[in-house]
Amino acid sequence: METSKKEKRNSLAVSIYIFETVICQIIGGVITVPYISVSVMLLLFLYVIINNHSFNVEKLKVVFITFIAISVVLGVSIIKNGLFYAGLYTIYFVVFGATALIISITEFSYYWIIIYSLRISIIYELMYFLLLRKQLLYADDYWTLQMGTAYSFLTPAVVSLLVIMKNRAFGFRKKYVVLSTVNLFISSYVILIDCGTRGAIVSLAVAFVLIYISRLRSIKKVITIVIVSILVYIVFQNFELVLVHIDNILTMAGIKVSAISKMITWMNTGVSLYNGRDTLYELAKEIFLENPLFGHGVGYYESKDPSGGYVHNLFWQMLCEVGILGSMPFIIVFINDVWTNFIRKNLQEGGDAFRVLLFLITIPLLMFSSAYWLLPSFWLYLWMIIIKMNFKRRI
């Protein structure tokens, strides 16, 4: 089916939205813009409104109800836990959540989202190697900047993986497969060599495994899931030994991966590989058990953490904030989406493929880093799976 100009413009808006961090870095590399994320989202919101003279009212009602419900939770949390802890999350939700909501009810093309995403990736990579890389590697706050840089290259890497591994289903032209291969190599190089951020590396590995599983059918899929589960268990139980062997093999090949070197250094100095996350999860468990059904509201965990930080885990954060009853609706639609897209059927083009992309750039990252309130792709993913649950026969 031929894609209309409006759908192409909507697809461009989607690509800019999911590449928000990258877009802000590209703009920031040229000029300084105060509150750049807010400015980009506001312009994107207006762009989508202007480009679409009408919206699907039924879909708007469905996601708007959820938007209002979350807004009420934030309002109550501000009253209970204070503006200092819940206020920032509220601002990000209003900015990212509202823009994602309006984007989710437009008509767009998965094919063109990928095309625009690849083009944005190339522009970003050129700017990175021409300008940003030197600033990163020699910055005094390198250990802070490298994490954000690694995660910003995760989205280009996942987009490229989908094109390369699922091209038979989507039929991208050969030039886009070649471009994706180059894009994947560059993104992986930055993540592994320049940054070495474990979260981004694990997220990329999870994306590869899940895309590979989605390609399989029936018994092969079951066997692969079992084998992968056993391998993950074995590696986890012998992680230090496996890490040293991998490092020795790479060293013999003349390759040095920052993430592996960093973890081995930590092991030799007695620093936990959890990097303090085990302590965060213990605190989250204590807070959850205080009120397991309803939680304590947004910002309560931050008020109890000595550093004022967040949980670094999507589900622990939800359980602390809204308890079991508040978390269950998301968990149910989340499990349904995973089952539909990775287990039950072979991935095809369209809405399912787009949700897979959003899942892969969002959920693995949120399992051990960031807070979902601050991540644009989470809100778009949430609205999309809610729409899918309510309109599954029509999209």
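So which chymotrypsin sites (Phe, Trp or Tyr not before Pro) in region 81-141 are both in a DSSP loop and have at most 10 other Cβ atoms within 10 Å of their Cβ? Don't skip to the end; give the middle numbers.
Details: sites: PHE84, TYR85, TYR89, TYR92, PHE93, PHE96, PHE108, TYR110, TYR111, TRP112, TYR116, TYR124, TYR128, PHE129, TYR138; in loops: PHE108, TYR138.
Sparse-neighbourhood loop chymotrypsin sites (Phe, Trp or Tyr not before Pro): TYR138.
With respect to the cross-link table entries LYS166/LYS388; LYS6/LYS221; LYS134/LYS304; LYS8/LYS221; LYS80/LYS285, which display a Cα-Cα separation exceeding 31 Å? Write down the numbers at each step before the final one.
Details: LYS166/LYS388 22 Å; LYS6/LYS221 38 Å; LYS134/LYS304 38 Å; LYS8/LYS221 35 Å; LYS80/LYS285 20 Å.
Over 31 Å Cα-Cα: LYS6/LYS221; LYS134/LYS304; LYS8/LYS221.
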Inset, instruction - Once you have a ≥ b ≥ c as the square roots of the Cα gyration tensor eigenvalues for the chain, tell me rounded if a/c is under 1.5, and otherwise prolate or oblate according to whether a/b is larger than b/c. - result: rounded
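Starting from the alpha-carbon convex hull of region 270-337, give the projected area averaged over all orientations, in nm². It would help to have the intermediate numbers written out before the result.
On the way: hull surface 20.6 nm².
For region 270-337, averaging the hull's shadow over all directions gives 5.1 nm².
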Legend entry - Charged-residue dipole, Cβ positions (Lys, Arg, Asp, Glu), the chain about Cα centre, Debye nearest 20: 1700 debye
Inset, instruction - Compute the signed sum of charges (Lys and Arg +1, Asp and Glu -1) over the other residues within less than 12 Å, Cβ to Cβ, of GLY276. - result: -2
Inset, instruction - Identify which of ARG173, ARG198, ARG277 has the largest mean-square fluctuation in a Gaussian network model of the chain, with springs joining Cα atoms closer than 10 Å. - result: ARG173
Inset, instruction - Would you kindly derive the ³J(HN,Hα) couplings of region 184-199 from the backbone phi angles with the Karplus curve 6.51 cos²θ - 1.76 cosθ + 1.60 (θ = phi - 60°), listing them in order in whole Hz, with x for Gly and Pro? - result: 5, 4, 5, 4, 5, 4, 5, 5, 7, 9, 6, 10, x, 7, 4, x
Legend entry - Placed amide H near HIS296: partners under 5 Å, 5+ positions off or other chain: GLU321, VAL322, GLY323
Legend entry - By average C-beta atoms within 10 angstrom, highest first, the peptides 160-166, 99-105, 321-327, 212-218: 99-105, 160-166, 321-327, 212-218
Inset, instruction - Please say if region 94-214 is rounded, prolate or oblate, where rounded means a/c under 1.5 for a ≥ b ≥ c the square roots of the C-alpha gyration tensor eigenvalues, and otherwise the choice is prolate for a/b larger than b/c and oblate otherwise? - result: prolate
Legend entry - Dipole of the chain [Lys/Arg +1, Asp/Glu -1 at C-beta], most positive-end residue of ILE331, LEU184, PHE67: LEU184
Inset, instruction - Run through every distinct alpha carbon pair of region 69-156 and return the Kirkwood hydrodynamic radius in angstroms, one decimal place. - result: 16.4 Å
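What does the C-alpha gyration tensor say about the overall shape of region 1-90? Classify as rounded when a/c is under 1.5, otherwise prolate if a/b is larger than b/c, or oblate.
On the way: a/c = 3.11, a/b = 1.23, b/c = 2.52.
Since a/c reaches 1.5 but b/c is at least a/b, the shape of region 1-90 is classed as oblate.
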Legend entry - For region 289-323 versus region 165-198, the gap between their alpha-carbon centres in whole angstrom: 36 Å
Inset, instruction - Could you look at the chain and say what percent of its accessible area is carbon and sulfur, using a 1.4 Å probe and all protein chains? - result: 68 percent
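The values are calculated or read from the model by the stated rules, or taken from the named source; none is laboratory data. Just so we're clear, the structure is a prediction, and the values are computed from it rather than from any experiment. Ideal geometry is used to build each Cβ from the backbone, glycine not excepted, and the neighbour counts take in all protein chains shown. We work out accessible area using only protein heavy atoms, side chains counted, and drop any ligands, DNA or RNA first. Shrake-Rupley method; radii C 1.70, N 1.55, O 1.52, S 1.80 Å.
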